[in-house]
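The structure appears below as structure tokens.
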Protein chains: 2
Amino acid sequence: MAQPLPVSPLALPLPALGPVRGVRLGAIAAGIRYKGRTDLVLAEFDPGTTVAGVFTRSKCPGAPVDWCRAILPAGRARALVVNAGNANVFTGRAGRETCEQTAQATAALTRCTADEVYLASTGVIGEILPAERITTALPALYDALSETGWEAAARGIMTTDTFPKAARRTAMLGGVKVTIQGMAKGSGMIAPDMATMLSFVATDAVLPAPLLQSMLSAGVKRTFNCITVDSDTSTSDMVLLFATGAAGNAPPASASADAPELADFRQALDSLLEELALMVIRDGEGATKLMTIDVTGAVSDESAWRVAMAIGNSPLVKTAIAGEDANWGRIVMAVGKCGEPADRDTLSVSIGGVCIAQNGTVRDGYDETPVVAHMKGQEISIAVDLGLGEGRARAWSCDLTHGYIDINGSYRS
Amino acid sequence: MAQPLPVSPLALPLPALGPVRGVRLGAIAAGIRYKGRTDLVLAEFDPGTTVAGVFTRSKCPGAPVDWCRAILPAGRARALVVNAGNANVFTGRAGRETCEQTAQATAALTRCTADEVYLASTGVIGEILPAERITTALPALYDALSETGWEAAARGIMTTDTFPKAARRTAMLGGVKVTIQGMAKGSGMIAPDMATMLSFVATDAVLPAPLLQSMLSAGVKRTFNCITVDSDTSTSDMVLLFATGAAGNAPPASASADAPELADFRQALDSLLEELALMVIRDGEGATKLMTIDVTGAVSDESAWRVAMAIGNSPLVKTAIAGEDANWGRIVMAVGKCGEPADRDTLSVSIGGVCIAQNGTVRDGYDETPVVAHMKGQEISIAVDLGLGEGRARAWSCDLTHGYIDINGSYRS
């Protein structure tokens, strides 16, 4: 971590942000690992805030993941504490104690109970995270919380992300205009051991926790769960969605996330989650190209997703993209290897909108010229039709370059 | 493919080879893709030769894989034809016709039927393989077959492997000394699209085909199926084992591969398969270090194998090895992500024989010094005990270096 990494060539400027009624937040330099930058973020939510969460499926999750999972069933949140630089993973009893002490100190400041305080950590695995570093910094951080602290917070949760990531949407809900705003960090794994994708989203809508959870789970499935940089799932991945209720809309009459009255909110939420997820791919370690993979004609959506992720995870596909090589044979290989139903003789493969191969062989008179031109761009589109059914999915990945090796092959210290 | 690749730093010299009674073979330059080198291999087997085979699980297999699968149930082989430079994959009807024409031409030369001719191809995916290139070259190749053609054959099946791969064993079977000898190529994917692992093994033992198949399947499961370079399974992988019967041993009385009378042969076969499989890893694209991964304490051997392969496939583990970084947190990550039963609090991780972490946290007083020294070597050993059961597995992988990107990111032409 000697030199700051150059900003990703795929970086986007931070969009215009604003307040979300019922949320005050800020960041401070607590000296957890980095010098000269903020690394501790606190958000305070109005009483009555509901919460939904989605967590890593890792069998070796970090202590903060365990903490959040345990308190989530109550569906209430008053505060969120996030630190960067130490993931508090594989830290045993000490890790659990750090969570408890952090939550208790935060609860005292925000006048709530510890089980209303959500925690997240990102950074090195296997090193003890001293609670004092956090609890000592919390009072000054609390005093400076503000409705306009979003950009500071988005920067404070970065590890070696090369740009801050946030997005904003509005939607109509129960006749009232509500706001949804969120931030994300990673998942570059941009410095060794910094293997974490975190995202925090807040809305001022009135939404009961079960409904919130249902919408978040569905949205994450189509967005964050459809991105890959290198197939290595973190121990600390987490997406939290808080609803403060400050907008004062009438609570939805339906308990179903599919209800028409929720359509506008859901669309805005999904769109925001997708924007954040794509920002993470745009900051993928060493990434120079963004790959969009559409799979259609699968036996199910789930099967299509697995095929799309197999293409997005294939080192050979990713190195071909890096080399601007329209190497469609590697896409065939990736489809073939992933174990999902596929039939060589009904498969078709397109790159950049040009159908290259179908019915088990290359198309008659295939002209590579427009595909070669497409490969030189920053955004690469791959489409595979399996010709078997109606299942479809879209996934996003990035190329695999020397930058990835440089970033991840260097020694931690 | 402009410049020949430098020989892998992990290369081994070709061991001493000799004849296998009942096998004559050779290689010729047929001009399929490469210039100035052999690229077509023919082996002829004595009448009565039995055969066993294991093939890629790809859903998009090459035409030669389909061909061999279709004729394998008869269990008889008289010839093997292998070409390098074109994989005959995703070539539709033309690919099937090339297989038929090659098999018929070979059958005419060797006075057998086409369904006793085994075929394998390795090289570019998606380009038509003209049968004439092969059938034109076959007569001269047939005339030059010899019992001592093994090294020529091992070189003739290389694509851009950086060294030829072969191994030899003897065993006692039915009171007779029998020989097992084999060759392999790849699986460096050392040039783009050259994504194939092929291995051909012959013995002079008398062994019925079902028994041969049973022993080969078991042996491959513990050897070739336990290696990974980059997780990308080829469309053309194939291991064939031929038994000519020329040794004249009494046929085994038992039909079970587990019979004690077969123990010596099985041990020799497994050892030979392991040697060949490790040669493939030693020629992994860009490899500078050989990684041996032992997983114990899993709920089953199958589960242990999945965990071992997840570690061996993890780009973050592989880049850490390349960087000589004893980054055990990434091993924890890989165990956690793979979906197999694991419990952070019973997990222990060792590198180079030094236990680093156990019971959910780093060991008290862990001294990294000997582990750092181990990481500087060419052979890295990783051991994970899951603490759950008796399941165990060993897998092998290599590091992920700039060489991999160089080799696979360059344009095909």
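The values are calculated or read from the model by the stated rules, or taken from the named source; none is laboratory data. Model, not experiment: these values are computed from the prediction. Glycine also receives a Cβ, built like all others from the backbone with ideal geometry; neighbour counts cover every protein chain displayed. Areas reflect the complete protein model, heavy atoms only, side chains present, ligands, DNA and RNA absent. Shrake-Rupley method; radii C 1.70, N 1.55, O 1.52, S 1.80 Å.
Hey, if you put +1 on the Cβ of every Lys and Arg and -1 on every Asp and Glu Cβ in the protein assembly as shown, which of A:TYR366, A:VAL206, A:ALA77 ends up farthest toward the positive end of that dipole?
Of the listed residues, the answer is A:TYR366.
Considering only chain B, what is the antiparallel percent among its DSSP beta bridges, to the nearest 5?
Expressed as a percentage, antiparallel bridges in chain B total about 70.
Starting with the highest mean, order A:154-166, B:210-222, B:134-146 by the number of other Cβ atoms within 10 Å, averaged over the residues of each peptide.
On the way: A:154-166: 24.0, B:210-222: 19.5, B:134-146: 16.9.
The most tightly packed comes first, giving A:154-166, B:210-222, B:134-146.
When you look at the Cβ of every residue in B:112-125, what mean number of other chain Cβ atoms sits within 10 Å?
Mean partner-chain Cβ count within 10 Å for B:112-125: 1.
Give me the dipole magnitude in Debye, nearest 20, for chain B about the Cα centre, with unit charges on the beta carbon: positive for Lys and Arg, negative for Asp and Glu.
Values: 35 positive and 43 negative charges, 158 e Å.
The dipole of chain B has a size of about 760 debye.
Let me have the 222 nm mean residue ellipticity of the protein assembly as shown computed from DSSP H runs of 4+ only, each contributing -39500 (n - 2.57), with the sum over all residues rounded to the nearest 500.
So the calculated ellipticity at 222 nm is -9500 deg cm²/dmol.
Which of A:GLY391, A:THR148, A:ALA131 sits closest to the plus end of the dipole of chain A, meaning its Cα is farthest towards the positive end, when Lys and Arg get +1 and Asp and Glu get -1 on the C-beta?
Among A:GLY391, A:THR148, A:ALA131, the one farthest towards the positive end of the dipole of chain A is A:ALA131.
Over the protein assembly as shown, give the accessible area per residue in Å² for a 1.4 Å probe, as an integer.
34 Å²
Mean separation of Cα pairs under 8 Å and 6+ residues apart, divided by the residue count of chain A: what relative contact order is that in percent?
Result for chain A is 18 percent.
Give the shape of the stretch B:1-115 as rounded, prolate or oblate, defined through the alpha-carbon gyration tensor: a ≥ b ≥ c are the square roots of its eigenvalues, a/c under 1.5 means rounded, and otherwise the shape is prolate if a/b is larger than b/c and oblate if not.
oblate
Could you report the buried accessible area between A and B, both sides summed, computed with a 1.4 Å probe and given in Å² to the nearest 100? All intermediate terms of the calculation are to be shown ahead of the outcome.
Values: alone 16590 and 16610 Å², together 28100 Å².
Separately minus together, A and B give about 5100 Å² buried.
With unit charges on the beta carbon (Lys/Arg positive, Asp/Glu negative), name the residue among B:THR160, B:PHE224, B:PRO252 whose Cα is farthest towards the positive pole of the charge dipole of the stretch B:23-282.
It is B:THR160.
Taking every DSSP beta bridge that has both residues in the stretch A:290-409, what percent is antiparallel when rounded to the nearest 5?
70 percent
Over the stretch B:290-409, what relative contact order in percent results from Cα pairs under 8 Å that are six or more residues apart?
RCO, the stretch B:290-409: 47 percent.
Give me the percent of the accessible area of chain A that comes from carbon and sulfur atoms, probe 1.4 Å, all protein chains in place.
53 percent
Residue by residue through A:389-400, how many Cβ atoms from other chains fall within 10 Å of the Cβ on average?
For this peptide, the per-residue mean of nearby foreign Cβ atoms is 1.
Relative to the isolated chain, which residues of the stretch A:51-66 have their accessible area cut by 10 Å² or more in the presence of all protein chains (1.4 Å probe, heavy atoms, no ligands or nucleic acids)?
A:SER58, A:LYS59, A:CYS60, A:PRO61, A:ASP66
Could you size up the charge dipole of the stretch A:206-310 around its Cα centre, putting +1 on the beta carbon of Lys and Arg and -1 on that of Asp and Glu, and report it in debye to the nearest 20?
Using only the charged Cβ atoms, the result is roughly 80 debye.
At q = 0.05, 0.07, 0.09, 0.10 Å⁻¹, work out log10 I(q)/I(0) for the protein assembly as shown with the Debye formula, treating every Cα as an identical point scatterer and leaving solvent out; two decimals please.
Taking Cα atoms of the protein assembly as shown as identical point scatterers yields -0.30, -0.56, -0.87, -1.03.
Determine the order of A:ASP264, B:ASP364, B:ASP258 by accessible area, beginning with the largest, at a probe radius of 1.4 Å.
The most accessible residue leads, giving B:ASP364, B:ASP258, A:ASP264.
Using only Cα atoms, tell me the angle between helix B:131-143 and the longest principal axis of chain B; keep it within 0 to 90° and round to the nearest 10.
The angle comes out near 80 degrees.
Report the Cα-based extents of the stretch A:278-379 along its three principal axes, largest first, to the nearest Å.
36, 34, 19
Give me the percent of DSSP beta bridges within the protein assembly as shown that run antiparallel, rounded to the nearest 5.
On the way: 100 of 144 bridges.
Antiparallel bridges: around 70 percent, rounded to the nearest 5.
For chain A, build the convex hull from the C-alpha positions and give me its volume per residue in Å³.
134 Å³
Under the convention of a label 7 Å out along Cα→Cβ, give the distances in nm from B:THR113 to the same position in every other copy, shortest first.
In nanometres, ordered from closest: 7.9.
How large is the dipole of the protein assembly as shown about the Cα centre if only Lys and Arg carry +1 and Asp and Glu carry -1, each at its Cβ, rounded to the nearest 20 debye?
I would put it at about 200 debye.
Counting only other chains, and only Cβ atoms inside 10 Å, what mean value do you get across the residues of A:355-362?
Working: counts 0, 1, 4, 1, 2, 9, 9, 7.
Mean partner shielding for this stretch: 4.
Can you list the lysines whose alpha carbon sits under 29 Å from that of B:LYS376, skipping same-chain ones fewer than 8 residues off?
Straight-distance partners of B:LYS376: A:LYS318, B:LYS165, B:LYS185, B:LYS289, B:LYS318, B:LYS337.
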